[in-house]
Amino acid sequence: MIPEIGTAALLVALALAVWGALAAALGARRGRTALLVSAEHAALAVFALLTAALGLLAHAFLTFDFSVRYVAFNTNLGTPFYYRLTAVWGALEGSLVLWAWMLGLYTVIAIARHRASARELYPWVLVVMLGVVAFFLVIMTGPAPVFARLSPVPADGRGLNPLLEDSGMITHPVALYLGFTGFTVPFAFAIAALVTGRTGDFWITTTRRWTIVAWYFLSLGLLIGGWWSYHVLGWGGYWAWDPVENAAFMPWLTGTALLHSVMIQERRRMLRLWNLSLVVLTFALTLFGTFLTRSGVIASVHAFTQGAIGVFFLTFLAVVVLTSLVLLAWRWETLGAQGELDAVISRESAFLLNNVLLVAAAFTVFFGTVFPLLSEAVRGVKVSVGAPFFNQVNVPVFLSLIFLMGVGPLIAWRRASLENLRRNFLGPVLLGIAAAAVFRLLGVGSALAVLTLALTVFVAGTIGLDVVRATRARLRLGEGPLRALGRLVVRHNRRYGGFVVHLGILVIAVGITGSQAWSVQTETTVNRGEHAELAGYRLRFEGLSESQESNHVKVTGRFTVVEGGPVGAVLLPAKKFYPQEQSPIAYVDYLLGLKDDLYLVLGDFARDGSHATIRFQVNRMVSWIWIGGVVLTLGTVLALLPERRRAA
Amino acid sequence: MKTRWRWLLPLAAVPVLALLAYGFRLNPRDVPSPLIGRPAAAFTLTGFDGAPIALEALRGKVVVVNFWASWCYPACYEEAPVLEQGWRAYRDRDVVVLGVDIQDRDEAARKFIRDFALTFPNAPDPDGKVSVDFGVYGVPETFFLDRDGRIRAKHVGAVTAEVFRTHVDALLADGTR
């Protein structure tokens, strides 16, 4: 009975979402408030119904209702409690429910925040938001019915994909989807601006926080995805340019571009057309990402199931892109710039270059991702491009972006004088050069690593210079140094929040550089009681043990650190044998450190435990990536704090 | 820009969308085998019934080599009866169906053979060498070999009666020319 209620809830929600979108559009055109109120009520009801559907699905998982196909396929009696909850979004159908639920949530928040403050735009925002929700509801009730029954009812389910039994899978999809769906709001505002002809700066300032929030969650989703890949998949890496990773990375790139380009519009009344296009592009890329992961058009390690759903997504993508572009063409005349670029050496052009680079990066990632399709369409040959392509193209782009990260915030608006350049950059540039020399002397061999680290120091130098200078200015007001710094950061939280985010990115860049340049690994077979050695670390193989877990059998190897790291620490890499899986799942064990991670994967072993083959890696500075994520979080929070600039 | 050109803006998206739509016509898992047209690597395996199975000894016959596993549900379960039927229908016409069971547990594999009452020769590939030689990417995959022992076609996914008939008939016709 419960599954039927769930289906009914989704159907009613679909009807209400369609009604709400129509009512809001009609209400806006005719100026009928009653219709608008009805649309609001519809939106609230849609959210309530989606919440109910999510709850019913969770209930079905917690009670092992294997009569629901989705439950039977993604859980079994042995699945632990937490993973039964995460299994709700562990596969295609359920992930769409979560997705739609978040959209519903954002719609409700948008109503609460903007119904009074954005009177003209808001009805159309509602139209777009409800329209997108309606699309997801169509999928959930049509090609991917989450509450579909399974007959006959199996005694036990098939079980969750074991790779998803990880805490990262609780947060990764949630963060990623919050990011993906979050960009719907700025998109809805952009469309509203185009429809109403109010393409001025209002929609930009209104959506600034939304964009930051969406961008932040997308960043977080990417980082947690990297962490999951690092500590679960067992290959010791965190990024593989897999199509699905790219799918999330492309909107991140264009979203980052947007965060910067809106500042130009706010300040200089330029780039209106560009900003609208970026919003459309970012939203379209989130849809494209979803399409990619769920259509099976491009083979990927984490591809979801395929089916008719791809056609639906592509159709929707086409509708979104074509409608947006037609609207842009229609409003073309109103989108001209009011300000103009005064000089090549100016903050405007630094930001413009940043945008061009970010969009170029997004384009190359897009190109590389769809290349297999393209080559097959044009030449009939299936060729996919791998990490070398992406790295070769993107590394120079990202290095340039890091450089601009130092230039942009300090260079003068309009036209930078020589004096401005000298004052702001001479110190940091010298610092960067000195750092390069020091790193070289310390024995850093790779030129790329030296360059990246020197750039990082340069950017950190510019940030430090700015903070010191501004703090000193406040000191003259008679404040103590700490108080001055604190006030400065809080008063100008947008600027300093941005700086902290930049610092986070720098820390991540250092982590990526270090891990790429200096990680080492070895594969070796060790006998019990003997040692494996790598880069000054020695591990002793103590033996194997077997244990029966709730839903799998686990063979664990025991390794003790005897030299190099924390002596006496024990690493327990394992192999997990799930009955429903064709091959065992490796369970990685690791010791994280600021400088080195010890990372151990158990390979083949003798049943009697006499010897085992392991892959032993010393991964360098990977932790910096996760620390960078924390810094980035702090920066985002700071940037989002309410502005309190007026008070002195 | 006051030209009408701006209306061409939406057209820019069309090629990309068309490309993505084109993707539906393809199966990304359908990786073309470079082995087509090449002689198949010789192998000798010991069947589940204990009898040796040597590919070399089957020269002059059309051979269907099917890679499967008992855990491969549903595709292997769908195609097992088809293969058995094909084997029964064609065995008198110089056609041999060979099952190669990969990455499997012995008792589960034997139960699979029993459940589907398979009568064509079946053997485990204990060290996975045969599947590597054939470039098997996943199960099920089926290779159609001509009378000279060359791989002429590869099918990914469950074999249907039609697929079986088409390939085998073509190879039989080929051989009589």
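Could you tell me which residue of region A:574-608 is farthest from the other protein chains (Cβ to nearest Cβ), considering only residues that are small (Gly, Ala, Ser) and surrounded by 18 or more Cβ atoms within 10 Å (Cβ to Cβ)?
A:ALA574
Tell me, which strands (runs of 3 or more DSSP E) wholly within region A:548-648 include 2 or more residues that are at pLDDT below 90 and among the hydrophobic types (A, V, I, L, M, F, W, C)?
Numbers: elements: A:553-563, A:574-577, A:585-587, A:589-591, A:596-605, A:611-620.
Qualifying strands (runs of 3 or more DSSP E): A:585-587.
So if I check each of A:ALA484, A:ALA532, which one is part of a strand (DSSP E or B), of a type outside the set (Ser, Thr, Tyr), more than 34 Å from the chain's Cα centre (by Cα) and surrounded by 15 or more Cβ atoms within 10 Å (Cβ to Cβ)? It would help to see each step written out before you state the result.
Values: A:ALA484 fails: part of a strand (DSSP E or B).
A:ALA532 is the lone residue from the list that is part of a strand (DSSP E or B), of a type outside the set (Ser, Thr, Tyr), more than 34 Å from the chain's Cα centre (by Cα) and surrounded by 15 or more Cβ atoms within 10 Å (Cβ to Cβ).
Within region A:111-123, is even one residue surrounded by 14 or more Cβ atoms within 10 Å (Cβ to Cβ) and touching a His at 6+ places or on another chain (Cβ under 7 Å)?
Yes: region A:111-123 contains one or more residues that are surrounded by 14 or more Cβ atoms within 10 Å (Cβ to Cβ) and touching a His at 6+ places or on another chain (Cβ under 7 Å).
Being over 24 Å from the mean Cα position of the chain (by Cα), in the same structural domain as A:ARG495 (by TED's automatic domain parsing), within 23 Å of A:ALA361 (Cβ to Cβ) and modelled with pLDDT of 90 or more is the requirement here; does A:LEU451 meet it?
In short, yes.
Got a sec? Which of A:LEU352, A:LEU421 is more than 14 Å from chain B (Cβ to nearest Cβ), part of a helix (DSSP H, G or I) and at pLDDT below 90?
After ruling out the rest, the residue left standing is A:LEU421.
What helices (runs of 4 or more DSSP H) completely inside region A:149-267 contain at least 3 residues that are under 13 Å from the mean Cα position of the chain (by Cα) and surrounded by fewer than 23 Cβ atoms within 10 Å (Cβ to Cβ)?
Result: A:168-182, A:202-232.
Of the residues that make up region B:114-130, is at least one touching a residue at least 12 places away in the same chain (Cβ under 8 Å), under 13 Å from the mean Cα position of the chain (by Cα) and buried (at least 18 other Cβ atoms within 10 Å of the Cβ)?
Checked against the condition, which is being touching a residue at least 12 places away in the same chain (Cβ under 8 Å), under 13 Å from the mean Cα position of the chain (by Cα) and buried (at least 18 other Cβ atoms within 10 Å of the Cβ), region B:114-130 yields no hits at all.
Would you check if A:GLU165 is of a type in the set (Asp, Glu) and touching a Phe, Trp or Tyr at 6+ places or on another chain (Cβ under 6 Å)?
It is true that A:GLU165 is of a type in the set (Asp, Glu) and touching a Phe, Trp or Tyr at 6+ places or on another chain (Cβ under 6 Å).
Residue by residue, here is whether (1) more than 14 Å from chain A (Cβ to nearest Cβ); (2) modelled with pLDDT of 90 or more; (3) more than 19 Å from B:ALA153 (Cα to Cα) holds:
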position: B:LYS2; (1), (2), (3): no, no, yes
position: B:LEU20; (1), (2), (3): no, no, yes
position: B:PRO34; (1), (2), (3): no, no, no
position: B:PRO39; (1), (2), (3): yes, yes, no
position: B:ALA69; (1), (2), (3): no, no, yes
position: B:GLU79; (1), (2), (3): yes, yes, no
position: B:GLN85; (1), (2), (3): yes, yes, yes
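Kindly evaluate B:ASP174 against the criterion of being more than 26 Å from A:PRO584 (Cβ to Cβ), surrounded by 14 or more Cβ atoms within 10 Å (Cβ to Cβ), away from every other protein chain (no Cβ under 14 Å) and charged (D, E, K, R).
Spelling it out, it is not the case that B:ASP174 is more than 26 Å from A:PRO584 (Cβ to Cβ), surrounded by 14 or more Cβ atoms within 10 Å (Cβ to Cβ), away from every other protein chain (no Cβ under 14 Å) and charged (D, E, K, R).
Suppose we filter region A:1-47 for residues that are part of a helix (DSSP H, G or I) and either charged (D, E, K, R) or not assigned by TED's automatic domain parsing to the domain that holds A:LEU103 (or both); how many remain? It would help to see each step written out before you state the result.
Restricting attention to region A:1-47, the residues satisfying the condition of being part of a helix (DSSP H, G or I) are A:2-30, A:33-47.
Add one more test, that the residue is either charged (D, E, K, R) or not assigned by TED's automatic domain parsing to the domain that holds A:LEU103 (or both), and what stays is A:4, A:29-30, A:40.
Looking only at that region, the number is 4.
Consider only pairs whose beta carbons are under 6 Å apart and that are at least six residues apart or on different chains; among these, list those whose first residue lies in region A:348-370 and is under 11 Å from A:ASN394 (Cα atoms) and whose second residue is among the polar types (S, T, N, Q).
As it stands, the answer is A:LEU357/A:SER400; A:LEU358/A:THR256; A:ALA361/A:ASN394; A:ALA362/A:THR254; A:VAL365/A:ASN246, since those pairs meet every condition given.
Which condition breaks for A:VAL185 when tested against (1) without any contact (Cβ under 8 Å) to a residue 60 or more places away in the chain; (2) outside the structural domain of A:THR75 (by TED's automatic domain parsing)?
For A:VAL185, the failing item is (1).
In this structure, is B:VAL136 of a type in the set (A, V, I, L, M), in a loop (DSSP other than H, G, I, E, B) and farther than 16 Å from B:ARG165 by Cβ?
Answer is yes for this residue.
Considering (1) modelled with pLDDT of 90 or more; (2) more than 21 Å from A:MET169 (Cβ to Cβ), say which one A:PHE64 fails and leave the rest.
The one condition A:PHE64 does not meet is (2).
I'd like the full set of residues that are surrounded by fewer than 19 Cβ atoms within 10 Å (Cβ to Cβ) and among the polar types (S, T, N, Q), limited to region B:40-70.
B:THR44, B:THR46
When the residues of region B:71-103 are filtered to those that are acidic (Asp, Glu) and more than 26 Å from B:ASP174 (Cα to Cα), which remaining residue is surrounded by the fewest Cβ atoms within 10 Å (Cβ to Cβ)?
Looking only at region B:71-103, we keep the residues that are acidic (Asp, Glu), and these are B:78-79, B:84, B:92, B:94, B:101.
Filter once more, keeping what is more than 26 Å from B:ASP174 (Cα to Cα): B:78, B:101.
Details: B:GLU78: 15, B:ASP101: 28.
So, considering only residues that are acidic (Asp, Glu) and more than 26 Å from B:ASP174 (Cα to Cα), the one surrounded by the fewest Cβ atoms within 10 Å (Cβ to Cβ) is B:GLU78.
The values are calculated or read from the model by the stated rules, or taken from the named source; none is laboratory data. As the structure is a computational prediction, the values presented were derived from the model and not from experiment. No Cβ is skipped: glycine too gets one built from the backbone with ideal geometry, and neighbour counts run over all protein chains shown.
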